[in-house]
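See structure below.
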Amino acid sequence: MIPISWQVLSDGWTTAPEVVVLRGGSWFRRVKFHATAFLLQHPEAGWVLFDTLYSSRFFEETSRFPGRLYRWITPVTQTAPGGIRQLLEAQGISLRDVKHVFLSHFHADHTGGLRDFPDAKIYCSRRAWEAVRHLGSWAGLRRGFLPGLLPPDLEARLRFVREGDDLLGDGSLRVVELPGHAIGQIGLRFTSSAGQPVLLAADACWLSQAYRENRPPHPVTGLLHDGPAYRATLQRLHEWHLENPDLLIVPTHCPETAARIP
Ligand SMILES: [Zn+2]
């Protein structure tokens, strides 16, 4: 087993009523949603970045209509104005040294920093790309997608992956399909340098409590999701959790994930 070291990065957060993310939750208590990305280090292949946060570009794209609506619906508080660029440079990592960017799905809080990695291959599912590639600003907004965040040469650098794919060809990083929250959403499985199996589960659920208890979000979120696919994915995570309690399932926006931000 090739050990992968990993860390959580974040450049901001938004909030939502608890009931939206957990059936039976409170309408009045608000839950903080940190945007997180995961920086993985492979002993030979180097850096692999899982998602790219908001970055300053998100704020440029949402400073005018129609993108402005995105920020009205989910007001964002920035904690690192320079986004992923600032967070990596603070660790002495050159952006050009990141050769692999894994994109769980095309929502703006995951794609904001894509333009910062001109030399990276970008991994996503074909279905995720097909679902957004022709969307303009208004149609994109309804899918949480801001086309202006994508680098102009993206298509040439895309690498399509699917369930079970071996990302680097050595068994260290395996693709998991997690449809529901967004069409073609994917996650990544690996063994950490501490020997723990880890599954980066993107937005398959918002709270870890949801996969532990197999508890879907409020039906109102059915407007945003493909409900049946969402519940099937949640069920799958729940079963994996029961079969293997050592498996660390990491939903992008869960406060337990945010607690790992250095
Ligand atoms: Zn998200």
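The values are calculated or read from the model by the stated rules, or taken from the named source; none is laboratory data. Keep in mind that this is a model prediction, so the values were computed, not measured. For neighbour counting, all protein chains shown are included, and Cβ atoms are generated from backbone atoms with ideal geometry for every residue, glycine included.
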In the stretch 77-100, anything surrounded by 21 or more Cβ atoms within 10 Å (Cβ to Cβ), β-branched (Val, Ile, Thr) and within 16 Å of the ligand (Cβ to nearest atom) is listed as ILE84
Can you find even one residue in the stretch 218-236 that is in contact with a Cys (Cβ under 9 Å, 6 or more places away or on another chain) and outside any helix (DSSP H, G or I)? no
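Considering only residues that are more than 16 Å from the ligand (Cβ to nearest atom) and part of a helix (DSSP H, G or I), look in the stretch 238-262 and name the one that is surrounded by the fewest Cβ atoms within 10 Å (Cβ to Cβ). Full working, then the answer.
Restricting attention to the stretch 238-262, the residues satisfying the condition of being more than 16 Å from the ligand (Cβ to nearest atom) are 238-248, 259-260, 262.
Next, only the ones that are part of a helix (DSSP H, G or I) stay: 238-243.
Working: HIS238: 18, GLU239: 12, TRP240: 18, HIS241: 19, LEU242: 12, GLU243: 8.
Result: GLU243.
Does at least one position in the stretch 227-249 carry a residue that is touching a residue at least 60 places away in the same chain (Cβ under 8 Å) and either touching a helix residue (DSSP H, G or I) at 6+ places or on another chain (Cβ under 9 Å) or not charged (D, E, K, R) (or both)?
Step one: list which residues in the stretch 227-249 are touching a residue at least 60 places away in the same chain (Cβ under 8 Å), which gives none.
Checked against the condition, which is being touching a residue at least 60 places away in the same chain (Cβ under 8 Å) and either touching a helix residue (DSSP H, G or I) at 6+ places or on another chain (Cβ under 9 Å) or not charged (D, E, K, R) (or both), the stretch 227-249 yields no hits at all.
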Using the structure shown, decide if ALA204 is at pLDDT 95 or above and among the aliphatic types (A, V, I, L, M). yes
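Residues checked against (1) polar (S, T, N, Q); (2) on the phi < 0 side of the Ramachandran plot:
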{"residue": "THR14", "(1), (2)": "yes, yes"}
{"residue": "GLU18", "(1), (2)": "no, yes"}
{"residue": "LEU22", "(1), (2)": "no, yes"}
{"residue": "GLY25", "(1), (2)": "no, yes"}
{"residue": "LEU53", "(1), (2)": "no, no"}
Quick count over the stretch 213-237, residues being crowded, with 16+ Cβ neighbours inside 10 Å and in contact with a Ser or Thr (Cβ under 9 Å, 6 or more places away or on another chain), is 1
Subset of the stretch 165-199, residues within 16 Å of the ligand (Cβ to nearest atom), farther than 19 Å from ALA120 by Cβ and of a type in the set (Gly, Ala, Ser), comes to GLY180, ALA182, GLY184
Residue in the stretch 186-205 that is part of a helix (DSSP H, G or I) and over 17 Å from the mean Cα position of the chain (by Cα) present
no
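Step by step: first the residues of the stretch 80-116, then only those that are among the β-branched types (Val, Ile, Thr) and part of a helix (DSSP H, G or I), then the one that is nearest to GLY144 (Cα to Cα). Which residue is that? Steps first, please.
To start, the set of residues in the stretch 80-116 that are among the β-branched types (Val, Ile, Thr) comprises 84, 93, 98, 101, 111.
With the extra rule that they be part of a helix (DSSP H, G or I), the set shrinks to 84, 111.
On the way: ILE84: 19, THR111: 10 Å.
So, considering only residues that are among the β-branched types (Val, Ile, Thr) and part of a helix (DSSP H, G or I), the one nearest to GLY144 (Cα to Cα) is THR111.
Restricting to the stretch 24-49, and then to whatever is in a strand (DSSP E or B) and over 30 Å from LEU95 (Cβ atoms), can you tell me which residue is farthest from the ligand (Cβ to nearest atom)? Let's see the steps before the verdict.
Taking the stretch 24-49 first, the residues in a strand (DSSP E or B) are 30-42, 46-49.
When the remaining residues are screened for being over 30 Å from LEU95 (Cβ atoms), the result is 30-31.
On the way: ARG30: 17, VAL31: 13 Å.
My answer is ARG30.
Among the residues of the stretch 71-90, write down those that are farther than 17 Å from ASP51 by Cβ and not hydroxyl-bearing (Ser, Thr, Tyr). First the steps, then the outcome.
Applying the first criterion (farther than 17 Å from ASP51 by Cβ) to the stretch 71-90 yields 71-73, 75, 77, 81, 89-90.
Listed by number, the residues that qualify are ARG71, TRP72, ILE73, PRO75, PRO81, GLU89, ALA90.
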